[in-house]
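The values are calculated or read from the model by the stated rules, or taken from the named source; none is laboratory data. Remember, it's a predicted structure, so these values are computed and weren't measured experimentally. In this analysis, Cβ positions are derived from the backbone assuming ideal geometry, glycine residues included, and neighbour counts consider all displayed protein chains. When the accessible area is computed, the model is the full protein with side chains, heavy atoms only, and any ligands, DNA or RNA have been set aside. Shrake-Rupley method; radii C 1.70, N 1.55, O 1.52, S 1.80 Å.
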Amino acid sequence: MPHPKHIVILISGSGSNMAAIVQAAQQQGWQQQFGATVAAVISNRPDAAGLPLAQSLGVATQVLDHRGFESREAFDAALMQLIDRYQPALVVLAGFMRILTPGFVAHYAGRLINIHPSLLPAFTGLNTHQRAITAGCVEAGCTVHQVTAELDHGPILAQAAVPVLPGDTAETLAARVLVEEHRLYPQAVRDWLQGQP
Ligand code: GRF
């Protein structure tokens, strides 16, 4: 393959979406099909459960603790340096709980995607599931989108909806949405790879 397509995944927590993407890559043979591999998983939290999970799947991990930096700009600059060691074709945010600076977003323009647990443009930001229940939505879901400077905006690449059921709590609804996230995100990354030269 002339141009290996490295994917770098950023996490902060449990990393279940990361694992779904790594497993899809391995099981569906993205290396053979697209010349694509998940080159690294990077966490801003040293205690992220997704780190040992990534290692158990055979993926290199890195930690860059944001608490060691004086400003958002300084952290993002260091994060860019770390990511760029892998020369990524695609940077995947998977539960990465940091607001990114405009400079970071511009640097990865067109190759930076995120999954958000709502049917965007509804419910940007946090506590999406409780807000959907409180608003009386009959449907909730998740969205994969390109990342632009404005939080949880940017062109939508894929969406999946689930019903909101009577008696749902934020936890039961989140669990139902997460099942769809694990299906949708690998599919969206695969579609993105398929669209690349
Ligand atoms: C997911 O619901 C994702 O949409 C949101 O944070 C959660 C991360 O879960 N941004 P995980 O770390 O992928 O398990």
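Laid out as a table, the results:
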quantity: Contour minus Cα-Cα distance for Ser14 and Gln33 (0.36 nm per residue); calculated: 4.0 nm
quantity: GNM flexibility winner over the chain from Gln146, Gln187, Gln27 (Cα, springs under 10 Å); calculated: Gln27
quantity: Where Trp192, Trp30 fall by accessible area, highest first, once all protein chains stay in place (1.4 Å); calculated: Trp192, Trp30
quantity: Angle between the chain longest axis and helix 72-84 axis [Cα atoms, degrees, rounded to 10]; calculated: 60 degrees
quantity: Positive-pole candidate from Val105, Pro4, Leu151, dipole of the chain, charges at beta carbon; calculated: Pro4
quantity: The chain, helix-only ellipticity at 222 nm - DSSP H runs n ≥ 4, -39,500 (n - 2.57), divided by all residues, nearest 500; calculated: -11500 deg cm²/dmol
quantity: Choice from Pro102, Pro88, Pro117 with maximal GNM fluctuation in the chain (Cα, 10 Å cutoff); calculated: Pro102
quantity: Dipole-positive endmost among Ser16, Ala36, Ala135 within the chain (Cβ charges, Cα centre); calculated: Ala36
quantity: Cβ-placed point charges (K, R +1; D, E -1), dipole of the chain about Cα centre in debye, nearest 20; calculated: 340 debye
quantity: Potential extension, Asn127-Leu165 segment - 0.36 nm per residue separation minus Cα distance; calculated: 11.9 nm
